[in-house]
Amino acid sequence: MAGKPKLHYTRGRGKMESIRWLLAAAGVEFEEEFIEKKEDLEKLRNDGSLLFQQVPMVEIDGMKMVQTRAILCYIAGKYNLYGKDLKERAWIDMYVEGTTDLMGMIMALPFQAADVKEKNIALITERATTRYFPVYEKALKDHGQDYLVGNKLSWADIHLLEAILMTEELKSDILSAFPLLQVSDHLISAWNVTHTFHCPALKAR
Amino acid sequence: MSGKPRLTYINGRGRMESIRWLLAAAGVEFEEVFLQTREQLLKLGQDGSLLFQQVPMVEIDGMKLVQTRAILNYIAGKYNLYGKDLKERALIDMYVEGMADLYDIIMNHDFKPANEKEKDLANIMDKATNRYLPVFEKVLKDHGHDFLVGNKLSKADVSLLENILWLEELKPDALAKFPLLQSFKARMSNMPNIKKFLQPGSAKKPLIQEKDIPNVMAIFH
C-alpha cells in the first residue's frame, strides 16, 4: 500500500476539486481512481465503501471519508491549515463557507439551460464583486498581512485562491476592483508553484 | 450586556434551529433578536454586522459569527461536543454533513407548493429510511454505545435527534424500522438540558404556519 490518500470521483472538478487543491497546497501527493461509468459507482456502493452512497470519497489514514466538508476539515486539521485556536478556526470556517457558496453557484452552471445560465452568470458576477470579494479584500487591508487568518497560510487562503481562479474563468477582469486579492493570487501561486504544477489533476485547467 | 450569546434570525426554525439545539444541549442560555421585515435584514447588512449580508448571525465571545457551519463548529469546539481528536472529529463531521443534506430537504418541505408536497414528502422519507437512518442505526448497533462517536455526547447526536424529531412531525412512524434510533431518541430526550429544551416555552421553534410563509419569503427574497 502506497500510504498516499486515494480519491474516488469522476474525472472532472466538481466537489472533489477543492480537496485536490488542499492536498496539493499541503504538499501531499495523492492517487485518483476515476469513476468512468455507472457500474464503477455501483461497485463502490455495493461493497460498502460509501457511507451515504455518494462521492467524493477519500481513503486516508485507514478511513473511507465522505462528505466534502468533512474531508476538507480533516486535511486542514492534519496539515496545520486550520488556525491555531477556536477563534482562528471560526474565521477560517466563515471565510471558507463564503467561498463555498460562491463556487457552488459557479459549479451549478454547466447543468443549467442557456437562458438560466446567462442570468446566473450575471448574478455570480454581482455576488462576487459586491458580497464576497469585498470581504476578503477588506480582511487583507485591515490587518495588512499576506494571509487571511493568523498571519499564516490556511485553508481559507487556498479556498479563496481556487474561488478567484474559478471566477476569473467566467470573467477575466473580475478582480479589477480588488488590488489586494490580485497580489494574494500571485503570492500564493508562487508559494506553492512546485506542488501545484506537479499535480496532474490541477494541471488540466 | 448579559454575556449570553445573542442570535439574530427570523422567529422560526430555518438555519438557526440547529444552533439553538446545540446551545441548548450544551446548557448555554441565549438571547434572540427576531427579524420581521426585509428592511431590518438590509439595515443589518449595511451596518457591517453581517459578514456576507446574511443570517444566521450569532454574537458570541466578542465575535459576530455568520455561516451556520462556522457557528456550529465554534459552539461544538467551545463546549466539548466535537470529539477528542482529529479522527473523532472526522466521524462527527461526516455524520453531521450527511444529516445536513437531509435537513435541507426537510427544511424546504414547508415551502413547497401544495401540489408538490406529497411527492416531496415521499422523497424525504425515501432518503431518510434508505440512505440516512440506516447508517446511524448501524453505527449504534456496531459499537453498542449510547452516543454516535467516542462514547460521549457530540454535535452529531444533537443533529441526529433534531432530524429524527422533525421527521416524526412529518410522519409519526418514521422510526418504525429503527429500534436503536428509537431508544436513542428516548435516551437523548431525557437528558436534562435537552428535556428542558423540549418543554413548552423553550427557545425551540414550532413548525412554520402556512400563513407566515409569505412574510418569511419576503424577508429573504
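The values are calculated or read from the model by the stated rules, or taken from the named source; none is laboratory data. Everything numeric in this text was worked out from a predicted model, so none of it was measured. Glycine also receives a Cβ, built like all others from the backbone with ideal geometry; neighbour counts cover every protein chain displayed.
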Inset, instruction - Take the residues in segment A:36-82 that are of a type in the set (Lys, Arg) and facing chain B (nearest Cβ under 7 Å), then tell me which one is surrounded by the most Cβ atoms within 10 Å (Cβ to Cβ). - result: A:69
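Condition check ((1) assigned to a helix (DSSP H, G or I); (2) without any contact (Cβ under 8 Å) to a residue 24 or more places away in the chain) across all residues:
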{"site": "B:70", "(1), (2)": "yes, yes"}
{"site": "B:97", "(1), (2)": "yes, yes"}
{"site": "B:129", "(1), (2)": "yes, no"}
{"site": "B:176", "(1), (2)": "no, yes"}
Legend entry - Filter result for the condition that a residue is closer than 30 Å to residue B:44 by Cβ, more than 16 Å from the chain's Cα centre (by Cα) and part of a loop (DSSP other than H, G, I, E, B), over B:150, B:201: B:201
Legend entry - helices (runs of 4 or more DSSP H) completely within segment A:1-102 that count 3 or more residues being of a type in the set (Asp, Glu), in the same structural domain as residue A:157 (by the TED database) and modelled with pLDDT under 95: none
Inset, instruction - State which residue is farthest from the other protein chains (Cβ to nearest Cβ) when the search covers only segment B:29-82 and only residues that are over 18 Å from residue B:15 (Cα atoms) and among the basic types (Lys, Arg). - result: B:43
Inset, instruction - Residues being surrounded by fewer than 20 Cβ atoms within 10 Å (Cβ to Cβ) and in a helix (DSSP H, G or I): count how many of those fall in segment A:141-165. - result: 4
Inset, instruction - Restricting attention to segment A:86-95, report how many residues are within 19 Å of residue B:92 (Cβ to Cβ) and more than 8 Å from chain B (Cβ to nearest Cβ). - result: 1
Inset, instruction - Would you please list the contacts, defined by Cβ atoms under 7 Å and residues six or more apart or on different chains, that run from a residue in segment B:134-156 that is among the hydroxyl-bearing types (Ser, Thr, Tyr) to a residue that is crowded, with 20+ Cβ neighbours inside 10 Å and in a helix (DSSP H, G or I)? - result: B:154/B:92
Legend entry - segment B:93-121: number of residues that are within 14 Å of chain A (Cβ to nearest Cβ) and under 12 Å from the mean Cα position of the chain (by Cα): 8
Legend entry - Residue list for segment A:4-32, restricted to those being of a type in the set (Ser, Thr, Tyr) and either crowded, with 21+ Cβ neighbours inside 10 Å or in contact with a Cys (Cβ under 9 Å, 6 or more places away or on another chain) (or both): A:9, A:18
Legend entry - Output for segment B:186-217, where each listed residue is of a type in the set (Gly, Ala, Ser) and surrounded by 11 or more Cβ atoms within 10 Å (Cβ to Cβ): B:189, B:202, B:203
Inset, instruction - Mind listing whichever residues of segment B:10-53 are among the hydrophobic types (A, V, I, L, M, F, W, C), in contact with a strand residue (DSSP E or B) (Cβ under 8 Å, 6 or more places away or on another chain) and not in a helix (DSSP H, G or I)? - result: B:10, B:16, B:30, B:33, B:34, B:35, B:50, B:51, B:52
Inset, instruction - Using the structure shown, decide if residue B:139 is more than 20 Å from residue A:101 (Cα to Cα), crowded, with 16+ Cβ neighbours inside 10 Å and touching a Phe, Trp or Tyr at 6+ places or on another chain (Cβ under 8 Å). - result: yes
